[in-house]
Amino acid sequence: MSIIIISLSIINIFFFKMRTGKVKFFNEEKGYGFITDDQTGNDIFVHATGLNGSELQEGFRVSYVEEEGRKGKVAAQVEVIED
């Protein structure tokens, strides 16, 4: 089962240009936070609507797709990466 999950993750990284990062801050009550991108070091906004059923906490490693939001780049399809 883990082989299938790993394979799907690799497909997502290449096909959908998945990025990885670390949750810098996430306020569950307000439903938003920021992820620091591993490659660029830049912070990207994440809203609760962009989570794929994941619950975020500070320090979690995540994968995501960068999309254009109303006020700039936002993280979408956010999933926690299990180490």
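The values are calculated or read from the model by the stated rules, or taken from the named source; none is laboratory data. These numbers come from a predicted model, not from an experiment. Using ideal geometry, Cβ is built from the backbone for each residue, glycine included, and neighbour counts are taken over all protein chains shown. Heavy atoms of the whole protein, side chains included, go into the accessibility calculation; ligands, DNA and RNA do not. Shrake-Rupley method; radii C 1.70, N 1.55, O 1.52, S 1.80 Å.
Listed values, structure above:
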quantity: Extension gain, Thr40 back to Ile81 (0.36 nm per residue minus Cα-Cα distance, nm); calculated: 12.9 nm
quantity: Protection-proxy order for peptides 46-53, 30-37, each taking the mean of Cβ atoms within 10 Å per residue, highest first; calculated: 30-37, 46-53
quantity: Computed FRET value (nearest 0.05) for Ala48 with Lys17, which takes r as the C-beta separation and R₀ as 25 Å; calculated: 0.65
quantity: Residue-level accessible surface for Phe45, protein heavy atoms, 1.4 Å, Å²; calculated: 70
